[in-house]
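Asks: Quick one: structure below, then a few questions.
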Amino acid sequence: MKKITVFNHVTLDGFFAGPNGEIDWFQTLHEDEWDRYTSEQAKISGNTLMFGHTTYTMMKSYWPTPEAAKAYPEMAYVMNTSPKIVFSKTLKGGEEGPHWKNIRVLDEIRPEEILEFKEKEDITILGSGTIVQQLTNLNLIDEYDLVMVPIILSVGKPLFKDVKKTDLKLLEARSFKNGIVLLRYLSMSQ
């Protein structure tokens with residue numbers, strides 16, 4: 001069986017976004033070692049990407065642009081060409097374009113369907129706090145890759161709001177010169 005991994009930037013006080021969904025607090029942390037790491041990860045990914053509607057809309061508005069291709073060529077390629085699963089009750093179809101492809105839109109989380117996906121493909125959830133919360137409570141997430149950003153927002157959207165107790169095992173802890181700490185955890189419920 002393949003796995004579902006969460007990859008999220010998180011503040012020291014546990015938020016994955018500001019109170020209105022803002023993520024500008026982690027977009028200025030460029031530094032050579034971190035940028036090399038993210039480029040290397042993009043090159044080896046090949047995972048299906050999973051989003052909620054809000055994150056999907058935000059990603060679609062940036063990654064197919066010439067600015068994204070210039071600033072982050074490897075990551076833009078991965079984001080634009082990777083298969084995507086989007087959960088949305090309002091989005092009716094995955095509007096594909098020349099640089100935004102392979103989109104499946106689902107109107108709700110069905111655990112049996114998620115397990116079918118896991119039999120065939122590795123999945124990475126980006127952003128999408130409510131998707132993370134629901135799949136965590138269903139014991140469907142295998143790994144949590146949390147990018148701890150050295151900031152305290154004091155208000156925002158908590159990544160693990162209303163999540164039941166979940167035991168994790170530390171797989172890796174790596175610090176970067178810009179103050180970011182990457183923490184990789186294995187879910188012990190798997």
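The values are calculated or read from the model by the stated rules, or taken from the named source; none is laboratory data. A quick note: this is a predicted structure, and the numbers were derived from the prediction, not measured. FYI the Cβ positions are ideal-geometry reconstructions off the backbone, even for glycines, and counts take in every protein chain you see.
Asks: Does the stretch 31-38 contain any residue that is acidic (Asp, Glu), over 17 Å from Lys177 (Cβ atoms) and at pLDDT 80 or above? If you could, list the steps in order and put the result at the bottom.
Replies: Keep residues of the stretch 31-38 that are acidic (Asp, Glu), which gives 31-33, 35.
Still in the running and over 17 Å from Lys177 (Cβ atoms): none.
No: the stretch 31-38 contains no residue that is acidic (Asp, Glu), over 17 Å from Lys177 (Cβ atoms) and at pLDDT 80 or above.
Asks: Where residues in the stretch 84-114 are surrounded by fewer than 17 Cβ atoms within 10 Å (Cβ to Cβ) and outside any loop (DSSP other than H, G, I, E, B), which of them is modelled with the lowest pLDDT?
Replies: Filtering first and then ranking leaves Gly97.
Asks: Name every residue in the stretch 163-188 that is assigned to a loop (DSSP other than H, G, I, E, B) and closer than 18 Å to Ile125 by Cα, in order of residue number.
Replies: The initial filter retains those residues of the stretch 163-188 that are assigned to a loop (DSSP other than H, G, I, E, B), namely 163-167, 176-180, 188.
Within the stretch 163-188, Val163, Thr166 qualify.
Asks: Now for a different question. Taking the conditions exactly as written (buried (at least 18 other Cβ atoms within 10 Å of the Cβ), touching a residue at least 60 places away in the same chain (Cβ under 8 Å) and either within 19 Å of the chain's Cα centre (by Cα) or in a loop (DSSP other than H, G, I, E, B) (or both)), does Phe117 satisfy them or not?
Replies: yes
Asks: Among the residues of the stretch 3-26, is any in contact (Cβ under 8 Å) with a residue 60 or more places away in the chain, in a loop (DSSP other than H, G, I, E, B) and more than 25 Å from Ser154 (Cα to Cα)?
Replies: Yes.
Asks: I would also like to ask the following. What are the residues in the stretch 127-159 that are within 16 Å of Glu22 (Cβ to Cβ), of a type in the set (A, V, I, L, M, F, W, C) and crowded, with 17+ Cβ neighbours inside 10 Å, if any? Before the answer, list the steps.
Replies: Initial filter on the stretch 127-159 (within 16 Å of Glu22 (Cβ to Cβ)): 127-129, 149, 151-159.
Add one more test, that the residue is of a type in the set (A, V, I, L, M, F, W, C), and what stays is 149, 151-153, 155, 159.
Of everything in the stretch 127-159, those that are within 16 Å of Glu22 (Cβ to Cβ), of a type in the set (A, V, I, L, M, F, W, C) and crowded, with 17+ Cβ neighbours inside 10 Å turn out to be Val149, Leu153, Leu159.
Asks: Taking Val147 as meeting all but one of (1) modelled with pLDDT under 95; (2) more than 14 Å from the chain's Cα centre (by Cα), write down the number of the exception.
Replies: So Val147 meets the others, but not (2).
Asks: Determine, yes or no, whether Thr124 is within 30 Å of Arg36 (Cβ to Cβ) and either at pLDDT 90 or above or not aliphatic (A, V, I, L, M) (or both).
Replies: Numbers: within 30 Å of Arg36 (Cβ to Cβ): yes; either at pLDDT 90 or above or not aliphatic (A, V, I, L, M) (or both): yes.
Spelling it out, Thr124 is indeed within 30 Å of Arg36 (Cβ to Cβ) and either at pLDDT 90 or above or not aliphatic (A, V, I, L, M) (or both).
Asks: Another question, then. Specify the residue that is nearest to the chain's Cα centre (by Cα); the eligible residues are those in the stretch 1-30 that are modelled with pLDDT under 80 and surrounded by 13 or more Cβ atoms within 10 Å (Cβ to Cβ). Reasoning before the result, please.
Replies: The initial filter retains those residues of the stretch 1-30 that are modelled with pLDDT under 80, namely 26-30.
Of the ones still in play, those that are also surrounded by 13 or more Cβ atoms within 10 Å (Cβ to Cβ) are 26, 29.
On the way: Phe26: 14, Leu29: 17 Å.
Out of the qualifying residues, it is Phe26.
Asks: Turning to a different aspect of this structure: Take Lys157 and decide whether it is over 16 Å from the mean Cα position of the chain (by Cα) and basic (Lys, Arg).
Replies: On the way: over 16 Å from the mean Cα position of the chain (by Cα): no; basic (Lys, Arg): yes.
So Lys157 fails the test.
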